[in-house]
Each structure stands twice: as C-alpha cells, then as structure tokens.
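J.: One structure is given below, represented as structure tokens, and several questions about it will come after.
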Amino acid sequence: MTLVIKIGGAAGVATESILNDLAHYRSMPEADRRLVLVHGGSDLTNELAGELGREIRTLTSPGGMTSRYTDRETLRIYAMAVAGQINTELVAQLQQHDINALGLAGVDGRLLLARRKSAIRALTPDGRMRIVRDDYTGQIEQVNVHLLNMLLDAGYLPVVAPLALGHEGERLNVDGDRAAAAIACALGADELVIATNVPGLLRDPSDSSTLIHQIEAERLDEYTIYAQGRMCKKLLGAREALAGGVRRIRIGNAPLTALLRGEGTTISAAEVGRNLEVAIAAVAGGRE
Ligand code: ADP
C-alpha cells in the first residue's frame, strides 16, 4: 500500500499536529510504510516576497484558473521558501519523530519534469488579457518513479518541494496539489490525502457546516461549481489522480488517521468497485 500526503502551505494548516499524527500513524501495525509527503509554500512565499518588497501577483487563465505570476525574481523567492525553508524544516521535524525523512525538490534526480509555456494568454493583475512570456510555472509531464521507489524500498520517507525541472534546465514552480496527484499516479498509490486549512470541500466556503462528505468520482464535475480560487486546483488534482488510477482522495484539516477514516471530503472511485462487486455477486448468485 502506498499513500501520498500533501500538506498545504497556507496559514491555518496544522503542520505540527499533522506530523505528530503521521508519526503515530506510522507506528500502527496496519499503516502504510510507503509514504510520500508533498508540501506547499504559498504563505511563506508571500511573506518573503513582502519582506523583499516584491508585489504578489496572480494570473488568471482564459478558463478562470488562477496561479501565482512567477517571474524570475518570484521564482527565486518561491525556491527559497519551499526548498530552502519549508522542506528542510519538515524533514528536521520528521527526524525528531524518528522518521527517516529525505528532502527533495522536484529538480533533484529529475524527480519532476515539467513543461513551461513560453507564451501564455492570461488576465494580468492590471485586468487586461495579454501574452505573458516571463512566467516560470510548469505542467508536470514526468515523475521519476524509479528514484521514489528506490528511496521507499530503502525505508526513507521522501518529502517533496513543488519545484520541477523544465526542458531547458530551468527551475519551475509547479502546483503542490497537482504534483502530489502526479506522484500518486506514478507510484500507483491507493490514496491521496490533501491536508489543508479547511474541513474539506464546502458548499459555502464561509460556512464549515456545509461540508460535502462524499463525492463519487464520476460525479466530481457537478461539485466543481462550489470551488473557488485555490480549491479549484485541489479538485483538478483530484480529477488527475482518479484518472491515473488513485481510488480515493481525501481533502480536509483533520488528523491523518481521521481523514483516512473519512472525516473531511472523500472523493472516491470505490463505489464503482463496490457496485461492480455487488453486480458480480448478484450474477453469480443468480447462476447458483
Ligand atoms: P493549501 O495551502 O492547503 O493548498 P489553499 O489556501 O491554497 O490551501 O486552498 C484552500 C482554500 O480554498 C481555502 O482556504 C478556501 O479559502 C478556498 N476555497 C475556495 N472554495 C472553497 C470551497 N468550496 N470549500 C472549501 N474551501 C474553499
């Protein structure tokens, strides 16, 4: 069994308690030993950018998807935040829990290869649709699964910073949720857990009592209307993970063990499997 966990980078993500819980989970006899952690870095990047006097800018695609406008200078700040600070901090914290974590940015060992579009059409911060040529964001095309398997087989817990290697050897900003989904697909993971700062997908983002507990994979599109901003990326990651064979995606801010038990939002292909099993059992029963 393989489990991929994404820890969000926004304020309010209870990282310390997630790591404590991860250590507890690893000590359970039935726990998955093959674990990969992927993390974000949105808040720290914003904080560092602010300290360095850089404006935080967002690009909106013609389809309405938003992403950080990552010009060269912002990429430097992003790399400092995710690979320099957050990754090393998580690894050190896991080591404190006696978990042999090993930090990697996606560029290490060609772990994540991505494509950068040299020109994209986007709504810029000044509200105009224009061609942007200096954005260093990438779409993941390949995961070095051999490297991950080597580390997992040797007993390490890989901790991955969402930076990928581009076709021209450049570093690229990649979305953490989608990076986690790509890794989960490549590893043939059973589940992808997206730990964030909200209880899950909410019908009303300002009201945590509107949590959607369960979504069947084939009905996921009906629920995308509820997602705004960054939640869209999580659902996109979930869709990519399902398409790549991951059977269950959990989104929420509960302890890991609680998320695995179904707290938060579970997007699941399991119903298909279960319905199929029921159908097969019924056919088999009919024949008897
Ligand atoms: P992370 O850093 O964990 O990746 P983000 O802040 O990027 O988290 O994404 C989660 C955010 O998505 C929430 O803080 C919330 O503001 C926003 N959001 C938008 N729509 C929804 C929704 N329907 N349900 C829950 N959260 C939503």
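J.: Run down 155, 169, 176 and say which single residue is within 9 Å of the ligand (Cβ to nearest atom) and either of a type outside the set (D, E, K, R) or out of contact with any His (no Cβ under 8 Å at 6 or more places or on another chain) (or both).
T.: Details: 155 fails: within 9 Å of the ligand (Cβ to nearest atom); 169 fails: within 9 Å of the ligand (Cβ to nearest atom).
After ruling out the rest, the residue left standing is 176.
J.: Any residue at all in the range 152-160 that's open to solvent by 60 Å² or more (accessible area, probe 1.4 Å), of a type outside the set (A, V, I, L, M, F, W, C) and in contact (Cβ under 8 Å) with a residue 40 or more places away in the chain? Break it down into steps so the answer makes sense when it comes.
T.: Filtering the range 152-160 down to residues open to solvent by 60 Å² or more (accessible area, probe 1.4 Å) leaves 153-154, 156.
Next, only the ones that are of a type outside the set (A, V, I, L, M, F, W, C) stay: 153, 156.
Next, only the ones that are in contact (Cβ under 8 Å) with a residue 40 or more places away in the chain stay: 156.
Checked against the condition, which is being open to solvent by 60 Å² or more (accessible area, probe 1.4 Å), of a type outside the set (A, V, I, L, M, F, W, C) and in contact (Cβ under 8 Å) with a residue 40 or more places away in the chain, the range 152-160 yields at least one hit.
J.: While we're here: Which residues, taken from the range 126-146, are within 26 Å of residue 190 (Cα to Cα) and in contact with a strand residue (DSSP E or B) (Cβ under 8 Å, 6 or more places away or on another chain)? Steps first, answer last, please.
T.: Taking the range 126-146 as the starting set, the residues that turn out to be within 26 Å of residue 190 (Cα to Cα) are 138-146.
Answer for the range 126-146, where residues must be within 26 Å of residue 190 (Cα to Cα) and in contact with a strand residue (DSSP E or B) (Cβ under 8 Å, 6 or more places away or on another chain): 138, 139, 140, 141, 142, 143, 144.
Let's see how each residue does on (1) open to solvent by less than 10 Å² (accessible area, probe 1.4 Å); (2) of a type in the set (A, V, I, L, M); (3) over 25 Å from residue 107 (Cα atoms); (4) within 13 Å of the ligand (Cβ to nearest atom):
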| position | (1), (2), (3), (4) |
| --- | --- |
| 1 | no, yes, yes, no |
| 8 | no, no, no, yes |
| 22 | yes, yes, yes, no |
| 44 | no, yes, no, yes |
| 55 | no, no, yes, no |
| 59 | yes, yes, no, no |
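J.: So, one more: For the range 35-65, what are the residues that are modelled with pLDDT of 95 or more, touching a strand residue (DSSP E or B) at 6+ places or on another chain (Cβ under 8 Å) and farther than 20 Å from residue 181 by Cβ?
T.: Listed by number, the list holds a single entry, 45.
J.: Of the residues 120, 86, 99, which single one is of a type in the set (A, V, I, L, M) and more than 27 Å from residue 3 (Cα to Cα)? Give the derivation first.
T.: On the way: 86 fails: more than 27 Å from residue 3 (Cα to Cα); 99 fails: more than 27 Å from residue 3 (Cα to Cα).
Unique residue meeting the criteria: 120.
J.: Here's something else I'd like to know. Take residue 107 and tell me if it is in contact (Cβ under 8 Å) with a residue 60 or more places away in the chain, more than 25 Å from residue 251 (Cβ to Cβ) and surrounded by 20 or more Cβ atoms within 10 Å (Cβ to Cβ).
T.: Working: in contact (Cβ under 8 Å) with a residue 60 or more places away in the chain: yes; more than 25 Å from residue 251 (Cβ to Cβ): yes; surrounded by 20 or more Cβ atoms within 10 Å (Cβ to Cβ): yes.
Judged against the criteria, residue 107 is a match.
J.: Looking at 161, 181, 186, 154, which one is over 15 Å from residue 109 (Cβ atoms) and at pLDDT 95 or above?
T.: Details: 161 fails: over 15 Å from residue 109 (Cβ atoms); 186 fails: over 15 Å from residue 109 (Cβ atoms); 154 fails: over 15 Å from residue 109 (Cβ atoms).
Residue meeting the stated conditions: 181.
J.: Restricting attention to the range 179-191, which residues are away from the ligand (no atom under 12 Å from the Cβ) and closer than 14 Å to residue 164 by Cβ? Let's see the steps before the verdict.
T.: Keep residues of the range 179-191 that are away from the ligand (no atom under 12 Å from the Cβ), which gives 181-191.
Residues satisfying the conditions are 181, 182, 183, 186.
J.: Checking the condition of a type in the set (A, V, I, L, M, F, W, C), open to solvent by less than 10 Å² (accessible area, probe 1.4 Å), modelled with pLDDT of 95 or more and near the ligand (Cβ under 9 Å from one of its atoms), which residue from 215, 194 passes?
T.: On inspection, the qualifying residue turns out to be 194.
J.: Among the numbered conditions (1) open to solvent by 30 Å² or more (accessible area, probe 1.4 Å); (2) within 12 Å of the ligand (Cβ to nearest atom), tell me where residue 252 comes up short.
T.: With (1) open to solvent by 30 Å² or more (accessible area, probe 1.4 Å); (2) within 12 Å of the ligand (Cβ to nearest atom) applied to residue 252, the lone miss is (1).
J.: If residue 233 satisfies all but one of (1) touching a residue at least 40 places away in the same chain (Cβ under 8 Å); (2) over 22 Å from residue 64 (Cα atoms); (3) surrounded by fewer than 24 Cβ atoms within 10 Å (Cβ to Cβ), what's the number of the condition it fails?
T.: Unmet for residue 233, out of (1) touching a residue at least 40 places away in the same chain (Cβ under 8 Å); (2) over 22 Å from residue 64 (Cα atoms); (3) surrounded by fewer than 24 Cβ atoms within 10 Å (Cβ to Cβ): (2).
J.: What are the residue pairs meeting all of these: first residue in the range 25-46, first residue closer than 16 Å to residue 162 by Cα, second residue open to solvent by 40 Å² or more (accessible area, probe 1.4 Å) and more than 16 Å from the ligand (Cβ to nearest atom), Cβ atoms under 9 Å, and 6 or more apart or on different chains?
T.: Between residues of the range 25-46 that are closer than 16 Å to residue 162 by Cα and residues that are open to solvent by 40 Å² or more (accessible area, probe 1.4 Å) and more than 16 Å from the ligand (Cβ to nearest atom), the close pairs are 44/80; 45/80.
J.: Just checking, does the range 25-37 include any residue being within 16 Å of the ligand (Cβ to nearest atom) and surrounded by 16 or more Cβ atoms within 10 Å (Cβ to Cβ)? Please lay out each step first, then the result.
T.: Step one: list which residues in the range 25-37 are within 16 Å of the ligand (Cβ to nearest atom), which gives 37.
Pick out the ones that are also surrounded by 16 or more Cβ atoms within 10 Å (Cβ to Cβ) and you get 37.
Scanning the range 25-37, I find at least one residue that is within 16 Å of the ligand (Cβ to nearest atom) and surrounded by 16 or more Cβ atoms within 10 Å (Cβ to Cβ), so the answer is yes.
The values are calculated or read from the model by the stated rules, or taken from the named source; none is laboratory data. Bear in mind the structure is a predicted one, so any value in this text is a computation, not a measurement. A quick note on method: Cβ atoms are made from the backbone with ideal geometry, for glycine too, and the neighbour counts reach across all protein chains shown. Heavy atoms of the whole protein, side chains included, go into the accessibility calculation; ligands, DNA and RNA do not. Shrake-Rupley method; radii C 1.70, N 1.55, O 1.52, S 1.80 Å.
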